[in-house]
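Throughout, read-outs are computed from the coordinates displayed, never taken from laboratory work. Because the structure is a prediction, the values reported are computed rather than measured. Cβ atoms come from the backbone with ideal geometry, glycine included; neighbour counts cover every protein chain shown.
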């Protein structure tokens with residue numbers, strides 16, 4: 001299920017519906033070339049078991065969105081704000097990932113700064129909680 005969901009998320013991010021993310025990747029990259037770029041990683045799994053017909057599992061993924069940071073963060077912050085607004089809207093719809101899951105709960109998370117390959121980036125995280133019924 002992890003592979004199915006992550007593939008669906010990446011396909012959605014790289015599809016025509018999402019315009020504020022330049023590239024989305026399954027794994028970390030040594031160099032990011034287009035911005036904003038997103039890297040999707042599995043985070044956690046929980047389950048709620050009631051009966052066979054009502055068993056639900058929640059698979060969480062972290063979408064980290066990167067933008068180069070230079071002196072004065074206005075451009076980086078604005079690009080990430082617009083990107084996260086779009087992602088929340090796109091993923092906050094039933095069946096947004098087709099048959100991969102029932103629905104997705106997009107939850108904004110942390111903002112920060114990271115150094116990668118001797119460059120500084122502004123980074124914003126969005127947690128996608130994918131609800132699956134088994």
Would you call residue 83 under 14 Å from the mean Cα position of the chain (by Cα), crowded, with 18+ Cβ neighbours inside 10 Å and over 25 Å from residue 45 (Cβ atoms)? yes
Would you please name the residue that is surrounded by the fewest Cβ atoms within 10 Å (Cβ to Cβ), looking only at residues in the stretch 86-107 that are farther than 17 Å from residue 15 by Cα and free of Cβ contacts under 8 Å to residues at least 24 places away in the same chain? 94
Of all the strands (runs of 3 or more DSSP E) wholly in the stretch 30-117, which have at least 3 residues that are over 25 Å from residue 3 (Cβ atoms)? 103-116
Determine the pairs where a residue that is over 17 Å from residue 120 (Cβ atoms), located within the stretch 68-84, has a partner that is in a loop (DSSP other than H, G, I, E, B) with Cβ atoms under 9 Å apart, the partner being 6 or more residues away or on another chain. 82/20; 82/36; 83/18; 83/20; 83/21; 83/36; 84/20
May I ask you to list the residues in the stretch 20-49 that are in contact with a helix residue (DSSP H, G or I) (Cβ under 7 Å, 6 or more places away or on another chain), surrounded by fewer than 16 Cβ atoms within 10 Å (Cβ to Cβ) and touching a residue at least 24 places away in the same chain (Cβ under 8 Å)? 42
